[in-house]
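Report on one structure; see the data block that follows.
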């Protein structure tokens, strides 16, 4: 068995080159980048009216050799009843009802269909097993085209999905064409289509159609037992290629006008309209004395409907424009491999002035040539076919549109001809329209159908050159996730250290219920140059999510090193899904860790001043906190914050990684949400070296303050009474408005007091407590405290450690009591140091708790001990709070 996972594409179209297969190729290219091999069944053994039933693959193999391996069900002709005569007879009796038979004969036909389907399903499963199929994409899956194959496909999907325990592994696209294609000839019979195979409700299948009208009709026909997703075809708006101008080969001068038509040569596409239009445009230019000729270049297979092709040639000859209409045969897309000097669709678009799509009213539900023209910055003309408005027109795309309807579906009238003529005369207008269309298209026509599948983004091997893994926990961040992802993707570097080949992004979905994950998958599909992995953490809480991602990064990097037989430094970085990072964020962070041989790296943070333009008092207090932070982190190296920090993998593993602590809240265990900070304590306590990267900057989302300002002011931003809980800081707009006003002087002072009380024990006292030697050995630290204070603080730390003797070794409990005690005892000296180092506006220590009013000076240290022992459940916690959200 081929152990490489595969994707099976099955086309009901039975055409070697078509827009359907182009869409499939886009998905296959994405899958290939993620280690999935793609196979394609062109449907020659499904659709019998194309004359290709049982036709061997020949040149088709060459067309798709670098995208698909062409396959089909083995020995299909030996399946009972599976032959052209029976399939056609079953269709005529059960679907189109062109043939009337007795009820007994009809029952016999239906029994034969069931027997044939079961045998065919078994062979389909055998093929999938042989190819190790993980995903199935059904293309152009017209419901009643071949009911034997359709029934078999459903049986195969169900059996294969159950056997392998799969999730949503099938996309079934365009399962709707009975209402959309060739309905004037009643090919699929009259409503309500009693024997057509309805979509079955299945956990394995997602049904997709191209527009809402078809979605509603299909869901109604299925009595709303299945849900149909609308998924637009998508186009490449980042195209960069070297294309060939083919005008000279076609004898078209630079000043002449080349109209491209890139559709099948069949009557429903109405190429006769283009020929008539070209004749009238040439007449208009000649009549007005303008030396410009108009050419029509048609890329399509003349042999698909050779009779119609000959009719078009005769029409051009009769209108005396035979030399202006050029049939150049089918061209390959850039999604298919090409031989050197082989012309492609994109060469034709590059060479043309205008792309035409004058299709009939009821034939197309989408119109790929229009989207291709828009993405290539080419203007287009179109008929107002049934679905044009929904697919393109409603978004504001500009083009001359030929007005047609179901009743009036004829040749171009003079008004439309004049519109096109005036449009072609105005080169500047055409350039501007193409640019505007491109901009709109980039917003609404980018994406990928692959984000519908349960694609496992976590199983790909780590690239050889990756040495940084960025972990991003995500919970319902759909409103901002694209902005955050762009900031992580658009990282810049010096000397080529940080490139998309050297870092990866690990997304941890923490049970999101919005469209966050869908947007992440779409972003990944659009930006395959960087590895983006999505893993799931079902335990709710950012601590568990961060641990899941960091553990995953550690395991992946060790597996990669083992595979390569090397052992090298690997950095695991935490980011936050509501904060954006600066362009050199990652470079500055990793460069600092490398140059200073750091085990733990912390970032610099800032707020966008514009968000506080009308709140200067509040912003002033925030800036004071950030100035203190920058000073102390520069001095001590700092502690990590989930918004941005890094750890070297070997030290991550050495301390046991992120540890999850629990607390009781309202009678149930909940995560204690200081995992990042506690992790930093563990690293430093184990001898890890912290370093601070001042130039590695993270912009904090102001909503953290906007949503919690009142609670920041009162010191209960993230809980009270010893409980630290996660708050949803996605504020309701109406509820948020009152918080967007500025703080009064009294409120500003109160917010500052809680912020600085939270800050000083954690960021000034604790570094000395964890590593008291710096008080003796680091000149910068001694200068900050002054030598007498540094010596006294060193002595007092050892006295407190000796007094404690038996302590709770869990970091979350071990640090608070001694840090709080030292804060109270040295608060005046520390604030004096802060005023010298940061600025006089830092001021003096906040007032002591009222309970100390009656405490005598000689008893102060003793009662501080009793006060701080109440650290986790009462007064001490509420005094220091957790208000340091600035």
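Only the coordinates and a few stated rules stand behind these numbers; no lab work does. No experiment lies behind these values; they were computed from the predicted model shown. Because the Cβ atoms are built from the backbone with ideal geometry, glycine has one as well, and the counts that use them run over all protein chains shown.
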Per-pair calculated FRET efficiency, R0 = 30 Å: residue 563 and residue 662 via Cβ, rounded to 0.05: 0.25
First measure r as the distance between the Cβ atoms of residue 83 and residue 58, then evaluate 1/(1 + (r/R0)^6) with R0 = 25 Å and state the FRET efficiency to the nearest 0.05. 0.70
For a protection proxy built on the mean count of beta-carbon atoms within 10 angstrom, sort 54-63, 275-284 highest first, please. 275-284, 54-63
Average projected area [Cα convex hull, the range 353-487], square nanometres: 12.5 nm²
May I ask you to order 842-854, 431-443 by the average number of other C-beta atoms within 10 Å around their residues, highest value first? 431-443, 842-854
Restricting to Cα pairs below 8 Å that are 6+ residues apart, what does the relative contact order work out to for the range 456-701? Please round to a whole percent. 25 percent
Just to compare against my own numbers: the Cα pair-distance distribution for the range 248-444, 10 Å bins, whole % per bin, please. 9, 37, 40, 14, 1
Taking the chain and dividing mean pair separation by its residue count, relative contact order in percent (alpha carbons under 8 Å, at least six apart): 8 percent
Okay, which of the range 751-790 sit inside 19 Å, backbone N to the point 7 Å along the Cα-Cβ direction of residue 841? 751-757, 759-760
Ordered by packing density, taken as the mean number of other Cβ atoms within 10 Å over each peptide's residues, highest first, how do 23-29, 116-122, 783-789 rank? 23-29, 116-122, 783-789
Grab every C-alpha pair in the range 243-357, bin the distances at 5 angstrom width from 0 up to the longest one, and report whole percents. 2, 12, 23, 23, 20, 13, 6, 2, 0
Efficiency by 1/(1 + (r/R0)^6): what FRET value for residue 130 and residue 406, r their Cβ-Cβ distance, R0 = 41 Å, to the nearest 0.05? 0.30
Degrees between helix 427-444 axis and first principal axis of the chain (Cα, 0 to 90, nearest 10): 60 degrees
Cα centroid distance between the range 251-300 and the range 502-567, in Å? 52 Å
Angle between the Cα long axis of helix 542-564 and the longest principal axis of the chain, 0 to 90 degrees, nearest 10? 70 degrees
Name the shape class, rounded, prolate or oblate, that the alpha-carbon gyration tensor gives for the range 456-701, where a ≥ b ≥ c are the square roots of its eigenvalues, rounded holds for a/c under 1.5, and otherwise prolate holds if a/b is larger than b/c and oblate otherwise. rounded
Check: C-alpha center the range 405-420 vs C-alpha center the range 121-143, spacing in Å is 44 Å
Residue 203 paired with residue 492, simple spin-label distance in nm, labels 7 Å along Cα-to-beta-carbon: 4.9 nm
So for the chain, what percent of the C-alpha to C-alpha distances run longer than 40 Å? 52 percent
Would you mind computing, in nm to one decimal, how far apart the modelled labels at residue 248 and residue 476 are, each placed 7 Å from Cα along Cα→Cβ? 6.3 nm
A chain fully extended from residue 313 to residue 115 at 0.36 nm per residue, minus the present Cα-Cα distance, gains in nm 66.6 nm
Using the count of nearby Cβ atoms within 10 Å as a rough guide to exposure, how do 362, 561 rank from fewest to most? 561, 362
Just to confirm the number: angle between the C-alpha axis of helix 271-287 and the first principal axis of the chain, 0 to 90 degrees, nearest 10? 90 degrees
At what distance in nm do the modelled label points of residue 292 and residue 866 sit from each other, each positioned 7 Å from its Cα along Cα→Cβ? 9.5 nm
Inter-part gap, Cα centre of the range 465-486 to Cα centre of the range 758-795, in whole angstrom, is 37 Å
